[in-house]
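This report refers to the structure that appears directly beneath it.
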Amino acid sequence: MSPNDQSTQDRTAPSSLHLAVALDGAGWHPAAWREPGARPGELFGARYWADLAHTAERGLLDLLTIEDAFGLQSGDHLTGSQRRTDRVQGRFDASLVAAFLAPLTSRIGLVPTVTTTHTEPFHVASALSTLDHDSHGRAGWRVQTSIRADEAAHVGRRVIPGVRRSELDTARGRALVAELFGEATDAVEVVRRLWDSWEDGAEIRDAATGRFVDRDALHHVDFEGRYFSVRGPSIVPRPPQGQPLVTSLAHGYAPSLLAARVGDVVFTTPHDADDAARIVTQVRTAERAAGRTAPPLRILGDLVVVLGDTDAEARDRLARLDARDPLSSDAAVLATTPSGLADTLLAWRGAGLDGYRLRPAVLPTDLDAIVDGLVPELQRRGAFRTGYTETTLRERFGLPRPASRYAAGADPALVPAPTPTGATA
Amino acid sequence: MSRTDRKQIVLGAYFPGVNHDTVWSDPASGSHIAWESFEHWARTAERGKLDLLFLAEGLRLRTRGGEVFDQDVVGRPDTFTVLAALAAVTEHIGLAGTINSTFNEPYELARKFATLDTLSGGRAAWNVVTSSDVPTGENFRRGGFLGHHQRYERAGETLTAVRALWDSWGSDAVVADPASGRFLRDGHVGDFAVSGHQFDIAGRFSVPRSPQGHPVILQAGESPAGRDFAAAHSDAIFSRYQRFEEARAFHDDVKARVRAAGRNPDEVRILPSAGVVLGDTEDEARERHADIHDRQVDPWTAIVLAEMVWNRDLSAFDPDGPLPDVDPTPDAPKWIEGRAPLTQDAHATVAAWRELAGNRGWSLRETVKHVFDRAVFVGTPERVADEIDRYVQADACDGFILGSHVSPSGLDEVVDRVVPILQERGVFRNDYGGGTLRENLGLAHPSRFGQRRRPAVAS
């Protein structure tokens, strides 16, 4: 049986959508923090995050993601901070928020955003592996790159020249993006190797021979790429999932290729059903170009949601928000009822989407509406789970638990395995 | 609340570590990775009203002769991740993590500690360690980039930078007033610029000021350079357990250095680590300890510990025979990687061991067992409480970071049997006061402008 057959067999019942929620500050609308239901004074408190996670888990959502960056929010991933005082500024380290949420939750996937541009792959591997241990197999990684000049200056190890949107499609812009994505590809590859560097069962505690580990089951990863070299093995034993879930956001072909090379789940930004079909085709094309042998990427569509009891109420809410501070969004913005949103989700799904990552415009208001309105509506239609059945996050996405690539007889096709940049240069 | 004129003891707990002291073969020994182990340990420590939890660090697996060392506990979870998770299941206890200043960058460190401090309600502490070894560097972007002599320069500049980042947000920076539409007090919140030999960084920090302002800084340097660094920069010094007179000399030396650095000696706590072995009688405790120590320094471990001094393969020698009749080779490539060196002068140490073994008629293993039998309080709970109290009242230290040879349950009997005695004597808290770690330790609250303010006196 090929791995793909197995993954199809293991997948969550086809009737159930995958639903994730993207948590960020007071919500995805810049005026969210001024809404009546918002808790702007609590954004930098533990209780707020615990409450959001509990709500998401009550709604049986697949996973929650937590946004992050190495600089203040600017409303545009290309530009640095703008010294605005009228928007939410500041945020926690996402990986530690996820770690904090691990013992407070029991089923929902925890997926922090961690950049590959300014972090050490070795530390990232250890942190996510530990998150997986502490959450008993619910860890994921939202892989991100940083193109912002100010973030590079915060770290001080490299200079990244700023790039304007109009320059993205120039030779200079393309080279910079290629460099950052190449580094990200290498970083995920190193992290995945480190997760495999302890074979399952390496800890033997053999009193007879006095050996705590079987050192033949520990492996140097010996990664040498253009951007860094990492020797390994990991300091952390293999995580419960073997390979925690790797996710990333893709707006075009280059990031789709990154996801196809190293990811398990890709977030995309469809604006209608036809667009969703075009995106799915693009992702599948990238998978072929990458020579992907791992199970196909699970494709989720990102949507900003503004929910109301009636369409008019939802539209009024969005109008009120936009009047204060207009939203500019890469993802489609849907102002509708839970039932109307369910219609859209099911209609676009026909294009080949496996589910959605919903970005609540206002927290906790729109998360509450997702959990108390959308989820029951989808359940009524037989399109969403009525209870958590799987133990780990990989299982929830129908992904097998791969053996370590270093174990005898391991099937390397179960996880994406790109060629290091050093070898392709 | 009644007051006592006796010095209040600081108590912490270390998680049994990746070294020969931890007896993994003990039937009571649990996982060193599983979340349940850390949760049990933390809840036990908090039940005992301890001041802080302490996690060590190791950024590469130990090797011997180039191969992963497989005899002791191997592997550990990520420190930040465990501490953030523990913040969710504890309310009062300090969360101290050992984090390397060489293979981390200030912006990320400042973000993580500020996040941990806020999520925990003001309980974060950082044990700053330095390293420069090439083998550890092999796991990181820059490799073994730092010269040995630059370790403390980098550590000092890291602390300066991290403190500048923590200070870049005032406690009033977040207004978050929906009515006026003002979220930040002004558009310059978070501005920072730090330059030195190690760093040239500038921009805006992204995490609001945490409850402690500055998480508590611990430092473990024992060399003269390390002591000076700790005296100048730290809130507490984590040292190795020493016999009473040595401990008092260390205490006096460090406090003199604190004074020389222009600080009030009361601003720095001295906290040695120590194991605890209890018994219902003194004899029972001694027997237990002898048995544990015998398992900690088994014949093979005796060879390996000797190899750390000799820096060469001694596996051909009989642990129950005399000391190896070969010279140490301190200048050879390191035979054992991933452990702090045991000696500055291998030839002198070997000579001292030879004299000791010759005088007492000891085998290699007996000699090693003697040399390594130091970091433990052994006795009845009363006796151990006496000793802890004696050290503190006589200014040999300000408290201890306690642990045992088994994880995670080793702390249980310390909390159940020793802590109550100290509480009865009025030298250890009966309950938490509800403050930050900094307040629990009686340390000054840092202002944003470089001066330290004494905390309000607790009633």
Name the residues in the range A:52-88 that are more than 10 Å from chain B (Cβ to nearest Cβ) and assigned to a loop (DSSP other than H, G, I, E, B), would you?
-> A:Gly59, A:Leu60, A:Leu61, A:Asp62, A:Glu67, A:Ser74, A:Gly75, A:Asp76, A:His77, A:Leu78, A:Thr79
Name, by its number, the condition in (1) within 21 Å of B:Gly338 (Cβ to Cβ); (2) surrounded by 21 or more Cβ atoms within 10 Å (Cβ to Cβ); (3) within 13 Å of another protein chain (Cβ to nearest Cβ) that does not hold for B:Ala110.
-> (1)
Quick one: would you say A:Arg238 is surrounded by 23 or more Cβ atoms within 10 Å (Cβ to Cβ), at negative phi and within 14 Å of another protein chain (Cβ to nearest Cβ)?
-> yes
When only residues in the range A:146-183 that are of a type in the set (Val, Ile, Thr) and closer than 18 Å to A:Ser256 by Cβ count, which is nearest to the other protein chains (Cβ to nearest Cβ)?
-> A:Ile147
In the range B:1-58, which residue that is among the acidic types (Asp, Glu) and buried (at least 19 other Cβ atoms within 10 Å of the Cβ) is modelled with the lowest pLDDT?
-> B:Asp21
Only one of these is under 20 Å from the mean Cα position of the chain (by Cα) and either in a helix (DSSP H, G or I) or in the same structural domain as B:Trp335 (by TED's automatic domain parsing) (or both): B:Ala96, B:Ala110, B:Ala88. Name it.
-> B:Ala110
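Does A:Glu151 satisfy the condition of being of a type in the set (D, E, K, R), surrounded by 22 or more Cβ atoms within 10 Å (Cβ to Cβ) and farther than 24 Å from A:Leu414 by Cα? Give the derivation first.
On the way: of a type in the set (D, E, K, R): yes; surrounded by 22 or more Cβ atoms within 10 Å (Cβ to Cβ): yes; farther than 24 Å from A:Leu414 by Cα: yes.
For A:Glu151, the condition - of a type in the set (D, E, K, R), surrounded by 22 or more Cβ atoms within 10 Å (Cβ to Cβ) and farther than 24 Å from A:Leu414 by Cα - is met.
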For the range B:239-267, which residues satisfy the criterion of being loosely packed, with under 13 Cβ neighbours inside 10 Å, in a loop (DSSP other than H, G, I, E, B) and touching a helix residue (DSSP H, G or I) at 6+ places or on another chain (Cβ under 9 Å)?
-> B:Gly262, B:Asn264
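Just for the range A:321-337: of the residues that are β-branched (Val, Ile, Thr) and not in a loop (DSSP other than H, G, I, E, B), which one is farthest from the chain's Cα centre (by Cα)?
Going through the range A:321-337, the residues β-branched (Val, Ile, Thr) turn out to be A:333, A:336-337.
Narrowing further to those that are not in a loop (DSSP other than H, G, I, E, B): A:333, A:336.
Numbers: A:Val333: 20, A:Thr336: 25 Å.
Among them, the one singled out is A:Thr336.
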Within the range A:115-137, considering residues that are touching a strand residue (DSSP E or B) at 6+ places or on another chain (Cβ under 7 Å) and crowded, with 24+ Cβ neighbours inside 10 Å, the one farthest from the other protein chains (Cβ to nearest Cβ) | A:Thr116
Apart from one, (1) surrounded by fewer than 18 Cβ atoms within 10 Å (Cβ to Cβ); (2) basic (Lys, Arg); (3) closer than 24 Å to A:Pro296 by Cβ all hold for A:Arg320; the odd one out is (3)
Which of the residues belonging to the range B:342-364 are closer than 16 Å to B:Pro322 by Cβ and either without any contact (Cβ under 8 Å) to a residue 24 or more places away in the chain or among the charged types (D, E, K, R) (or both)?
-> B:Ala351, B:Ala352, B:Arg354, B:Glu355, B:Leu356, B:Gly358, B:Asn359, B:Arg360, B:Gly361, B:Trp362
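Here's the yes/no breakdown for (1) closer than 23 Å to B:Gly203 by Cβ; (2) part of a strand (DSSP E or B); (3) of a type in the set (Gly, Ala, Ser); (4) more than 16 Å from the chain's Cα centre (by Cα):
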| site | (1), (2), (3), (4) |
| --- | --- |
| A:Thr113 | yes, yes, no, no |
| A:Val124 | yes, no, no, no |
| A:Ser146 | yes, no, yes, no |
| A:Ile160 | yes, no, no, yes |
| A:Val163 | yes, no, no, yes |
| A:Asp169 | no, no, no, yes |
| A:Leu176 | yes, no, no, yes |
| A:Ala184 | yes, no, yes, no |
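Of B:Gly122, B:Gly170, B:Gly203, B:Gly156, which residue is part of a loop (DSSP other than H, G, I, E, B) and either surrounded by 16 or more Cβ atoms within 10 Å (Cβ to Cβ) or within 8 Å of chain A (Cβ to nearest Cβ) (or both)?
Working: B:Gly170 fails: either surrounded by 16 or more Cβ atoms within 10 Å (Cβ to Cβ) or within 8 Å of chain A (Cβ to nearest Cβ) (or both); B:Gly203 fails: part of a loop (DSSP other than H, G, I, E, B); B:Gly156 fails: part of a loop (DSSP other than H, G, I, E, B).
When all the criteria are applied, what remains is B:Gly122.
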Restricting attention to the range B:350-364, does a residue exist that is closer than 23 Å to B:Ile270 by Cα and among the charged types (D, E, K, R)?
-> no
Which of (1) facing chain A (nearest Cβ under 10 Å); (2) in a helix (DSSP H, G or I); (3) closer than 19 Å to B:Ala84 by Cβ is the odd one out, the single condition B:Thr136 does not satisfy?
-> (3)
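Taking the condition facing chain B (nearest Cβ under 7 Å), assigned to a loop (DSSP other than H, G, I, E, B), within 16 Å of B:Ala114 (Cβ to Cβ) and of a type in the set (Lys, Arg), does A:Arg91 pass? Give the steps one after another, and end with the answer.
Details: facing chain B (nearest Cβ under 7 Å): yes; assigned to a loop (DSSP other than H, G, I, E, B): yes; within 16 Å of B:Ala114 (Cβ to Cβ): yes; of a type in the set (Lys, Arg): yes.
Taking the combined requirement at face value, the residue satisfies it.
In this structure, is B:Ala225 touching a Cys at 6+ places or on another chain (Cβ under 8 Å) and modelled with pLDDT under 95? Show your work before the answer.
On the way: touching a Cys at 6+ places or on another chain (Cβ under 8 Å): no; modelled with pLDDT under 95: yes.
Taking the combined requirement at face value, the residue does not satisfy it.
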In this structure, does B:Ile303 turn out to be hydrophobic (A, V, I, L, M, F, W, C), in contact with a Leu (Cβ under 6 Å, 6 or more places away or on another chain) and within 30 Å of B:Lys334 (Cα to Cα)?
-> yes
Note on A:Arg215: of the conditions (1) buried (at least 21 other Cβ atoms within 10 Å of the Cβ); (2) without any contact (Cβ under 8 Å) to a residue 40 or more places away in the chain, unmet is (1)
Could you tell me which numbered condition B:Arg141 fails, if it satisfies all but one of (1) in a helix (DSSP H, G or I); (2) in contact with a Phe, Trp or Tyr (Cβ under 9 Å, 6 or more places away or on another chain); (3) surrounded by fewer than 22 Cβ atoms within 10 Å (Cβ to Cβ)?
-> (1)
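State yes or no: is B:Glu105 over 18 Å from the mean Cα position of the chain (by Cα), of a type in the set (D, E, K, R), more than 7 Å from chain A (Cβ to nearest Cβ) and over 19 Å from B:Ala236 (Cβ atoms)? Spell out how you get there, then give the answer.
Details: over 18 Å from the mean Cα position of the chain (by Cα): yes; of a type in the set (D, E, K, R): yes; more than 7 Å from chain A (Cβ to nearest Cβ): no; over 19 Å from B:Ala236 (Cβ atoms): yes.
So B:Glu105 fails the test.
The values are calculated or read from the model by the stated rules, or taken from the named source; none is laboratory data. Keep in mind the model is a prediction, meaning the values are calculated, not measured. Counting neighbours? That spans all protein chains shown, and the Cβs are built from the backbone with ideal geometry, glycine included.
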